[in-house]
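Contents: one structure, followed by commentary.
The values are calculated or read from the model by the stated rules, or taken from the named source; none is laboratory data. Keep in mind it's a predicted model, so treat the numbers as computed, not measured. Ideal geometry is used to build each Cβ from the backbone, glycine not excepted, and the neighbour counts take in all protein chains shown. For the accessible areas, the whole protein counts, side chains as well, though only heavy atoms, and no ligand, DNA or RNA atoms are used. Shrake-Rupley method; radii C 1.70, N 1.55, O 1.52, S 1.80 Å.
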Amino acid sequence: MSALLSVDQLQSGYEGVAILNGIDLHVDRGETVAVVGANGAGKTTLIRTLGGLLKPRAGSILFDAKEMAGSASDRVCEAGLAHVPEGRQLFATLSVEDNLRLGGHLNRSRARMVRNLTRVYDIFPRLGERRRQQAGSLSGGEQQMVAIGRALMAEPILMMLDEPSLGLSPIMVATLFDVIGQLNRDGISILLVEQNVAESLAVAARGYVLENGEVVLAGTSAALLGDDRVRRAYLGL
Ligand SMILES: Nc1ncnc2c1ncn2[C@@H]1O[C@H](COP(=O)(O)OP(=O)(O)OP(=O)(O)O)[C@@H](O)[C@H]1O
Ligand SMILES: [Mg+2]
């Protein structure tokens with residue numbers, strides 16, 4: 001069976017600066033896969049390139065049997081690859097519901113928009129209670145729920161989350177990882193990018209360790225959690 005997402009020798013960066021130096025990774029249908037790495041390793045550059053916000057210099061991004069390298073973000077999203085960006089990136093002065101609706105702007109019908117809103121409020125009842133409130137007035141954890149809800153509005157096959165746990169309390173982090181597990185059981189494949197190595201490998205089946213724009217280690221979560229280099233560099237053991 002071919003992978004749902006297959007990234008081959010991906011190179012990307014910013015004007016004149018190479019950041020990703022040939023990344024290979026894959027996500028199978030139904031999997032949760034983690035990409036972990038320290039500050040500046042290139043995790044956000046990777047997610048932004050996969051999401052169509054940065055154009056790769058070379059390499060291939062095969063998603064659901066279609067080549068996505070160089071495609072614009074709307075097209076990537078329409079193909080079923082949704083992006084929950086680092087730092088949430090909500091419109092602070094818009095209501096929760098208007099932020100969610102923006103995630104569904106590619107939906108073809110009003111009925112679909114309503115059905116997807118209902119689904120998001122089923123998953124996050126708190127957002128239903130606060131649908132008319134300005135997004136910027138919510139707690140960090142609630143804002144992360146809005147960012148995930150907005151991605152769900154596009155009916156993704158695969159959801160990429162960039163450091164969703166950043167800045168959240170330990171209880172909120174636990175809730176968030178529970179939600180990610182639930183989304184995966186509901187059939188959404190997950191690519192989770194995190195500095196929070198122990199928690200993200202606990203929810204993922206497999207992981208990749210990114211350093212200086214390269215994959216330096218890959219394996220099952222159990223193997224990575226047991227690896228001496230991972231334990232020393234990322235788990236403080
Ligand atoms: N807009 C930009 N222009 C030039 N260089 C950038 C830009 N954004 C990021 N970089 C550089 O690219 C490298 C990788 O950054 P990136 O944001 O992808 O790392 P990250 O793994 O997501 O880090 P963090 O854990 O801090 O979010 C860093 O050296 C960073 O300084
Ligand atoms: Mg980042």
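In the range 44-59, which residues are open to solvent by 30 Å² or more (accessible area, probe 1.4 Å), within 18 Å of residue 151 (Cα to Cα) and not in a loop (DSSP other than H, G, I, E, B)?
Passing the criteria: 44, 48.
Please determine whether any residue of the range 60-79 is more than 16 Å from ligand 1 (Cβ to nearest atom), in a loop (DSSP other than H, G, I, E, B), open to solvent by 80 Å² or more (accessible area, probe 1.4 Å) and at pLDDT below 95.
Looking through the range 60-79, at least one residue is more than 16 Å from ligand 1 (Cβ to nearest atom), in a loop (DSSP other than H, G, I, E, B), open to solvent by 80 Å² or more (accessible area, probe 1.4 Å) and at pLDDT below 95.
Matching residues to (1) open to solvent by less than 10 Å² (accessible area, probe 1.4 Å); (2) touching a residue at least 24 places away in the same chain (Cβ under 8 Å); (3) of a type in the set (Val, Ile, Thr):
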residue	(1), (2), (3)
161	yes, yes, no
170	no, no, no
175	no, yes, yes
182	no, yes, no
190	yes, yes, yes
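Residue under question is residue 129, and the condition is that it be crowded, with 22+ Cβ neighbours inside 10 Å and of a type in the set (Asp, Glu); does it hold? Please lay out each step first, then the result.
Working: crowded, with 22+ Cβ neighbours inside 10 Å: no; of a type in the set (Asp, Glu): yes.
Spelling it out, it is not the case that residue 129 is crowded, with 22+ Cβ neighbours inside 10 Å and of a type in the set (Asp, Glu).
Is at least one residue of the range 86-103 among the acidic types (Asp, Glu) and open to solvent by less than 20 Å² (accessible area, probe 1.4 Å)? Show your work before the answer.
Kept after step one, since they are among the acidic types (Asp, Glu), are these residues of the range 86-103: 86, 97-98.
Those left that are additionally open to solvent by less than 20 Å² (accessible area, probe 1.4 Å): 97.
Yes, the conditions are met somewhere in the range 86-103.
Filter the range 32-61 down to the residues that are away from ligand 2 (no atom under 16 Å from the Cβ) and either among the acidic types (Asp, Glu) or within 17 Å of the chain's Cα centre (by Cα) (or both) and list them by number.
Keep residues of the range 32-61 that are away from ligand 2 (no atom under 16 Å from the Cβ), which gives 32-33, 52, 55-61.
32, 33, 52, 61 - these are the residues of the range 32-61 that are away from ligand 2 (no atom under 16 Å from the Cβ) and either among the acidic types (Asp, Glu) or within 17 Å of the chain's Cα centre (by Cα) (or both).
Restricting attention to the range 183-217, report how many residues are outside any loop (DSSP other than H, G, I, E, B), at pLDDT below 95 and polar (S, T, N, Q).
Summing the residues that are outside any loop (DSSP other than H, G, I, E, B), at pLDDT below 95 and polar (S, T, N, Q) in the range 183-217 gives 1.
Tally time: how many residues in the range 1-35 are assigned to a loop (DSSP other than H, G, I, E, B) and open to solvent by 10 Å² or more (accessible area, probe 1.4 Å)?
From the range 1-35, those assigned to a loop (DSSP other than H, G, I, E, B) are 1-4, 15-16, 28-31; that's our starting set.
Retained after the next criterion (residues that are open to solvent by 10 Å² or more (accessible area, probe 1.4 Å)): 1-3, 15-16, 28-31.
Residues meeting the conditions: 9.
Restricting attention to the range 141-150, does a residue exist that is at pLDDT below 95 and not acidic (Asp, Glu)?
yes
What about residue 41, is it within 16 Å of ligand 1 (Cβ to nearest atom), part of a loop (DSSP other than H, G, I, E, B) and surrounded by 14 or more Cβ atoms within 10 Å (Cβ to Cβ)? Break it down into steps so the answer makes sense when it comes.
Values: within 16 Å of ligand 1 (Cβ to nearest atom): yes; part of a loop (DSSP other than H, G, I, E, B): yes; surrounded by 14 or more Cβ atoms within 10 Å (Cβ to Cβ): yes.
Yes, satisfied.
Can you give me the number of residues within the range 22-38 that are within 14 Å of ligand 1 (Cβ to nearest atom) and within 12 Å of residue 216 (Cα to Cα)? If you could, list the steps in order and put the result at the bottom.
So the first thing to find is which residues in the range 22-38 are within 14 Å of ligand 1 (Cβ to nearest atom), and the list is 23, 34-38.
Now restrict to residues that are within 12 Å of residue 216 (Cα to Cα): 23, 35-37.
Final tally of qualifying residues: 4.
Would a scan of the range 86-96 turn up a residue that is closer than 20 Å to residue 158 by Cα and of a type in the set (A, V, I, L, M)? Don't jump to the end; show me each part of the working.
The initial filter retains those residues of the range 86-96 that are closer than 20 Å to residue 158 by Cα, namely 86-89.
Okay, now just the ones that are also of a type in the set (A, V, I, L, M), so none.
Looking for residues that are closer than 20 Å to residue 158 by Cα and of a type in the set (A, V, I, L, M), one finds none in the range 86-96, hence no.
Would it be correct to say that residue 15 is of a type outside the set (Phe, Trp, Tyr), out of contact with any Gly (no Cβ under 8 Å at 6 or more places or on another chain), within 20 Å of residue 154 (Cα to Cα) and away from ligand 2 (no atom under 15 Å from the Cβ)? Break it down into steps so the answer makes sense when it comes.
Details: of a type outside the set (Phe, Trp, Tyr): yes; out of contact with any Gly (no Cβ under 8 Å at 6 or more places or on another chain): yes; within 20 Å of residue 154 (Cα to Cα): no; away from ligand 2 (no atom under 15 Å from the Cβ): yes.
Criteria not met by residue 15.
Yes or no: residue 209 surrounded by fewer than 19 Cβ atoms within 10 Å (Cβ to Cβ) and within 16 Å of ligand 1 (Cβ to nearest atom)?
Details: surrounded by fewer than 19 Cβ atoms within 10 Å (Cβ to Cβ): no; within 16 Å of ligand 1 (Cβ to nearest atom): yes.
No: the conditions fail for residue 209.
Using the structure shown, decide if residue 147 is crowded, with 18+ Cβ neighbours inside 10 Å and among the aliphatic types (A, V, I, L, M).
Details: crowded, with 18+ Cβ neighbours inside 10 Å: yes; among the aliphatic types (A, V, I, L, M): yes.
Criteria met by residue 147.
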